[in-house]
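J.: A single structure is presented below for examination.
The values are calculated or read from the model by the stated rules, or taken from the named source; none is laboratory data. Not measured: the values here are computed from a predicted model. Cβ: placed from backbone, ideal geometry, glycine included. Neighbour counts: every protein chain shown. We work out accessible area using only protein heavy atoms, side chains counted, and drop any ligands, DNA or RNA first. Shrake-Rupley method; radii C 1.70, N 1.55, O 1.52, S 1.80 Å.
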Amino acid sequence: MNYSEVSRRDWIKTLGMGVGAAALSGIGVSTSREARADFVHKEDKTTGKLLDGSQANPCKLNADGTIARPAISVPKISETDVLVVGAGPAGCCAAIAAARLGVKVPLVERYGHFGGLATGGLVLHILGHWTKQGDKKVQVVQGIGEEMMKRLEGLPNGICNREFGKNPTLDSEVYKYLLVEMITEANIECLLHSWCCDAILADSPDPATGNPVVRGAIIQTKLGPQAVVAKQVVDTTGDGDVFYAAGAAHTQREYDIGLVSRIANLDRVNPPEGTKRPRHLGDVSPVKGVNWVNMAGPSLDGCDVRVLSKLELQHRKQIWKQVQEVRSTPGYEDVYLMETAPQIGVRITRVVEGVETLTLENAKAGKTYDDCVGVGGAWGGDHIGWQVPYGALLPKNVENILTGGRSVSAEPLMSDLVRVYPNCWVTGHAAGVAAATAVLEDSTARSVNVAEVRKNLLAQNAYLG
Ligand SMILES: Cc1cc2nc3c(=O)[nH]c(=O)nc-3n(C[C@H](O)[C@H](O)[C@H](O)COP(=O)(O)OP(=O)(O)OC[C@H]3O[C@@H](n4cnc5c(N)ncnc54)[C@H](O)[C@@H]3O)c2cc1C
């Protein structure tokens, strides 16, 4: 049985047309269990080998207690131009921007949806797309980020507080939907449920720099590891998983790991006069009666699975307690916990050591760069904009990989501005355009013509100061 048969059959089921409609279309579909025996495979779909256990090639526990992973040949599932790994705010912008320049772009994401912390992490507040110029506020985040906000305005409950000078708030489900729309419109190949677990390096270093050259990534899937080979890679995993695996110099940061939640029925709150407003009510969202509730949490290593597991349990207990506290306040009895974020809120982990490093001092001084590929904003729009030099996206010691989003090269204090997600839109957009420009020019990420990158960014409505 081939894939198209399955998808057609499943499609009919999805549409709810049932047996009658299927029979009309000439496809025999039965709802009985026995008839589904044709879904049983006895051979591995890629290798054709019998599924008798001989295909397994597990790790070995050595006598000295060490564990050895056998060398294997990894199947290649895609050979492409620009591979974008991580579909958060930065990665979605990178992928859309690159695809709009006409190159082939697969987008790899470990979860089943797009948006990263802005959707799975329930971080709904869009902080930092304004700056102050004299006594005026200016919106510096334009390009694909602004296009997303505009399109959210056109969708029911998509975004609120879009008035000039305010920090808007979006709805995570509407944003998930919008990203599906924008990513499919751009013809991006989506590899969801694919966890990038390694980098692929060329067999010889770059002749000019002697640095390793990234040529793709390995994704861990239910079918085992699979390879995506690419001319350029953009690492927007937030945690720098690809540049880390490729050997890029970086720092490891620890900062406030929280868990965000949403509470509902706030439109039914009716406290008796004089009732003290309970804590942990969070902030408004575009959905009536629903607030998003942020959390700070302890500063620990967001790449350590034991830390993350412990915090998931701890934070869930804390959120439950907080909501019960709200509900025990007179007039707030109907408030309930609508959801906790499916994805824990890791604020920062690995930050690449770039050719340029953003500093707060330079940002405050309004330092300008010839290779400026974007301008970032301030949390409350209360200070001047800061330019993003291309070198902040470019690792010092590895070739053909760029980063965008919260792992962009910045000193710790500056990372607090870099990581807010409109600024991730900006750096993701720039990384996507630069990677695509390098492919179109047949150059490398290091030697790409930055003037051309800037021209392409301006053509996509980016603001470069
Ligand atoms: C609790 C909390 C509150 C915050 N509050 C605000 C706020 O109020 N306003 C604001 O603007 N910002 C806020 N931020 C910051 C902002 O949400 C993030 O910094 C921003 O979303 C980062 O975007 P990104 O694209 O760089 O990374 P992420 O949003 O982290 O996206 C990374 C994507 O890559 C995927 N990924 C990761 N590793 C892999 C892998 N190995 N293989 C495949 N896919 C992978 C992830 O699943 C995810 O989709 C907050 C952050 C947190 C944690």
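J.: If you average the sequence gap of Cα pairs under 8 Å that are 6 or more apart and divide by the length of the range 245-384, what percent do you get for the contact order?
T.: Over the range 245-384, the number comes to 37 percent.
J.: Turning to a different aspect of this structure: Over the chain, what is the relative contact order in whole percent, taking alpha-carbon pairs under 8 Å and six or more residues apart?
T.: 20 percent
J.: If you don't mind, another one. Calculate, in whole percent, how much of the Cα-Cα pair population of the chain lies beyond 38 Å.
T.: The share of Cα pairs beyond 38 Å in the chain comes to 31 percent.
J.: Share of the range 327-465's accessible area from carbon and sulfur, percent, 1.4 Å?
T.: 50 percent
J.: Can you give me the convex hull volume of the Cα atoms of the range 276-320, divided per residue and expressed in Å³?
T.: Measuring per residue, one finds 108 Å³ for the Cα hull of the range 276-320.
J.: Find how much the distance from residue 64 to residue 369 grows on full extension, using 0.36 nm per residue of separation minus their present alpha carbon separation; answer in nm with one decimal.
T.: Separation in residues times 0.36 nm, less the Cα-Cα distance, equals 104.4 nm.
J.: Within the range 360-465, which trypsin sites (Lys or Arg not before Pro) sit in a loop by DSSP and count at most 15 neighbouring Cβ atoms inside 10 Å?
T.: Sites meeting the loop and neighbour criteria: 367.
J.: For the range 81-207, with all protein chains present and a 1.4 Å probe, just round the carbon and sulfur fraction of the accessible area to a whole percent.
T.: 52 percent
J.: Only four residue types carry charge here, +1 at the Cβ of Lys and Arg and -1 at the Cβ of Asp and Glu. Report the dipole size of the chain about the Cα centre in Debye, rounded to the nearest 20.
T.: Computed charge dipole of the chain: roughly 860 debye.
J.: The range 149-211: which trypsin sites (Lys or Arg not before Pro) are DSSP loop and have at most 15 other beta-carbon atoms within 10 angstrom?
T.: 166
J.: With a probe of 1.4 Å, find how much accessible area the range 68-178 has per residue, and write the answer as a whole number in Å².
T.: 37 Å²
J.: Over its Cα atoms, what ratio of radius of gyration to 2.2 N^0.38 Å does the range 222-342 give?
T.: Working it through for the range 222-342, the quotient is 1.47.
J.: Per residue of the range 368-373, in order, report the coupling 6.51 cos²θ - 1.76 cosθ + 1.60 (Karplus, θ = phi - 60°) as ³J(HN,Hα) in whole Hz, putting x for Gly and Pro.
T.: Rounded to whole hertz, the list is 10, 10, 5, 9, 4, 10.
J.: What percent does the relative contact order of the range 65-142 come to when contacts are Cα pairs within less than 8 Å and at least six residues apart?
T.: Dividing the mean separation by the residue count of the range 65-142 yields 23 percent.
J.: Follow-up. Quick one: Kirkwood hydrodynamic radius for the range 324-434, alpha-carbon pairs, angstrom, one decimal?
T.: That comes to 15.7 Å for the range 324-434.
J.: Give the residue list of GluC sites (Glu not before Pro) in the range 177-208 that are DSSP loop and have at most 11 other beta-carbon atoms within 10 angstrom.
T.: Hits after loop and neighbour filter: nothing returned.
J.: Per the helix-only calculation at 222 nm, which mean residue ellipticity applies to the chain, given -39500 (n - 2.57) for every DSSP H run of n ≥ 4 and division by its residues, nearest 500 deg cm²/dmol?
T.: That comes out to -8500 deg cm²/dmol.
J.: Which lysines, on any chain, are close to residue 42 with Cα under 22 Å apart, when same-chain ones fewer than 8 places away are left out?
T.: By straight Cα distance, residue 42 reaches 222.
J.: Would you mind putting 167-174, 131-138, 233-240 in packing order, based on average other-beta-carbon counts within 10 Å, highest first?
T.: Ranking the peptides 167-174, 131-138, 233-240 by packing returns 233-240, 167-174, 131-138.
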